1. Listed highest first by mean packing, meaning other Cβ atoms within 10 Å per residue, what order do 435-445, 189-199 come in?
2. Place the peptides 566-577, 214-225 in order of packing, highest mean first, counting for every residue the other Cβ atoms within 10 Å and averaging per peptide.
3. Quick one: of 278/342; 447/612; 255/360; 401/492, which pairs are farther than 23 Å apart, Cα to Cα?
4. Hey, can you rank 374-380, 50-56 by average C-beta count inside 10 Å, highest first?
5. Please report how many Lys pairs in region 43-208 have alpha carbons closer than 24 angstrom, counting only residues at least 8 apart along the chain or sitting on separate chains.
6. Going by C-beta contacts inside 10 Å, put 90, 321, 344 in order with the fewest on the left.
7. Test of the criteria: in region 114-178, which chymotrypsin sites (Phe, Trp or Tyr not before Pro) are in a DSSP loop and have at most 13 other Cβ atoms within 10 angstrom of their Cβ?
8. Normalising by the residue count of region 133-203, find the relative contact order in percent from Cα pairs under 8 Å and 6+ residues apart.
Amino acid sequence: MKTHFALTATFLLVFDIVKCTKTENFNHEISTVSTIYKKQTSYIDLLIDDLLDQKWDESEKSCYDQTLTILTNVRNSTLWATWIWDSIQFPTGQFYGSQNHLGNFDQCLRKEWSNDNLIFTQYCLVDITLADTEVNRKITDLNPYDKAERYFHIKTDYNLRFNILSWGVCVPQVCQTQSVDRFVRMLLRISHLGTINPNPKVSVGNCQVTRTPPANRTELQLLMLGAVVLTVIACAFTYFTTKHRVSKCNRIVMKVVSAFDLNSSAADLVSRGKDEIKVMHGIRFLTACIMVILHVMYINIMARAGNGLDMDDDFKRYAGFLSHASVMVDTYFMMSGLLLMKSFKPETRRLINPFKTLVKRYFRLIWVFIVIILITTTASPYFYGGPLWFKYAKVEHDVCKKNWLVGLLMLGNYIDSSNICMEVTWYVPADFHLASVSTIMYWLYQKNRRGGLYFFGLVTIVSLILPGLNVYLNQLSAITVFDFETIEDNRKHILGSPMYVQSHLRAVPYFVGLIAGYILSVYKPTSYRNVLSLKYSILSFITIIALSATILVMGPAYQFREYNVIESSLFAALNRPIWAGLIAAIILLCEYGTLPHITDFLSWSAFVPLSKLSYGVYMCHFFFVMRLTLGLRSPAWYDLFKIVQDAMGILVITYLLSLYITLFIESPLNNLVALVLNTKPSKPKQINTDKSNTTTIKSDSLKENGVIKVAPVEETGFVSLKNRLVNVNAASHLRGVNNSGYNAEKCEGSNKNGVEAQNVSTKEEVWRKDS
């Protein structure tokens, strides 16, 4: 019995051990399988759960269904759905100043498969405000163990903010604004920024369904056809003019053909006048380069580069130059006034024709403006198409279509100035207004010298007072400070500011140029060269540079110091005239002083064509500056060397475009305008009653003691103030002079009487040269 019990117990023990071993092995196998096949919860699962928990309206059902389909297929790693989802990028670098988180715009909108069952998508750029209130605090003032939310409430000294982000998302085309808003909030909740503000402000902009914005292709084709036609006409007429240059051509047709002569237009670009202010070529070219570099930097700020903190650091380093860089435009105003006065030739006391002067000035400014309007309204969708099109670039396209007529009427800086066509063009109406006022003042001065001087002084004083008075009455800042806030919303803070764009508040620098031009015209530099010694010239130059730097540095000083209305008013009234006066002083110092190396550099012959093309560069460059940044598919990256590098590339492109516009559009059309204005002058007086041979002289010529004083024509084409004495003892000598001044203008190669060309001057000859 005992043996039987022992055997039974042994059997049961062995069976138990075997059973436990099998169970253990089985459990181990199950555990291993579970480890292999158990799927981890991903953020896609969280999104699907959140999507199912949302209360969707009936109008959103199609968007809900397609979004759920995309997410489900992404979870299953289906190619077409993963392709769509891969174009969405979660925000990165927001703490470093990055604002635009664009994802992959082209991947979202590219239709790689043509299956009708697939879902078509759209790209939406959504603005999200993470925090509303802002305080001026430095980042270093924050405790690193504070809540991250506090970081989004600060702004730097130059108004760099971190609380707004623009997020590009790829969603089904059927989704409306409300559905996109809901989807973005779902995405934000599962991101690292979702814990900062659970209920941020979301603004859905326009969504795009194609990579190229909708545009009228016919308009672009007509623009290109017009460019081709102008090119063919200019080339054909140049060939015709070259072949028939020596033939007799009294016909108006030949004059029209000659207006398109490329050889003549190219020669004008590289030629220098006898009394030309050579150093202005270098100053004008360098000013154009600085303007392009500044605008490249500002467009990086407007589109918010990914390393915003680095940009803020450079603002601190170069604040003196960047914050008050708007005075660079006053350099253009001063030079424009100087050249206008030089064109009046005050040393000759020649009576100007205000109507002709203003018509020529209008057309001198308007041709490039028209080209810019046409390019912006027709070609900009093809240049700027991208994720930032609706946010930035479309504004330029729309305002040009809306206000192009206001611009052509030279009223853009007064009527709806914040919506002027292409931001840099506010200068065009301002320049024309000031040229018009200056022309009328000089014409009055010629009529009544004393009264004209009093009137000019009164207008200048009033123009000097008005900016300060405007600041005083409206409690404005002394200057338009350029910082992140101003540049990002430049149409509001810059173009919408009367202090910046309105002509009467920018007039004094132009009048400073008029004074400088009068000095240079009456006191010819060729007669007063090097009147200032080298020592005093260098001291004067250093003083001018120091004062110019002071004007620039005062910009940030007025930004951070306590506001004083009297102080601000005085600075607003004086800073621009002083700047213009200092630049004019550099020109006068180079002409009358002794600055060999500086004068030689600024007078370098290579600057001559570059200077003459600078107006076209100023007008055209902003189109390419915007293309550089606003056509981006990913956030820009700021680097000072990259800014200069990009600016140099834009300068090359815009100089080529400016050259084309000058040769094929501007010069030919200005020649035609001059041809239209060249109406036949009144019949001049005669001194001989012989019908066969007559000689014309100036009406103010004097006859004393058998000697007639006749005013000859100088090389410049204007009548000299000194009369040449012509001996007329033998009457036959006078009768032998051919009166060809009244005949129609002869082409090059026609024979002329040498005596006539040297001794006889007619009003008609002088008038032709003036026009």
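Each reported figure results from applying straightforward, stated rules to the coordinates on display, with no laboratory input. Every value quoted in this text rests on a predicted model; they were computed, and no experiment measured them. Every residue, glycine as well, gets a Cβ built from its backbone with ideal geometry; the counts of neighbours run over all protein chains shown.
1. Details: 435-445: 19.2, 189-199: 13.9.
Output ranking for 435-445, 189-199: 435-445, 189-199.
2. On the way: 566-577: 19.6, 214-225: 12.6.
So the order, starting with the most tightly packed, is 566-577, 214-225.
3. Working: 278/342 13 Å; 447/612 33 Å; 255/360 18 Å; 401/492 19 Å.
Result: 447/612 exceed 23 Å.
4. Values: 374-380: 21.1, 50-56: 12.4.
Sorting 374-380, 50-56 by mean packing, highest first, produces 374-380, 50-56.
5. Details: 55/201; 61/111; 61/201; 138/147; 138/155; 147/155; 147/201; 155/201.
The result is 8.
6. Details: 90 14, 321 17, 344 23.
Least to most surrounded, the residues fall as 90, 321, 344.
7. Numbers: sites: 120, 123, 145, 151, 152, 158, 162, 167; in loops: 120, 145, 158, 162.
Answer by residue number: 120, 145.
8. Details: 44 pairs, mean separation 17.0, N = 71.
Relative contact order for region 133-203 comes out at 24 percent.
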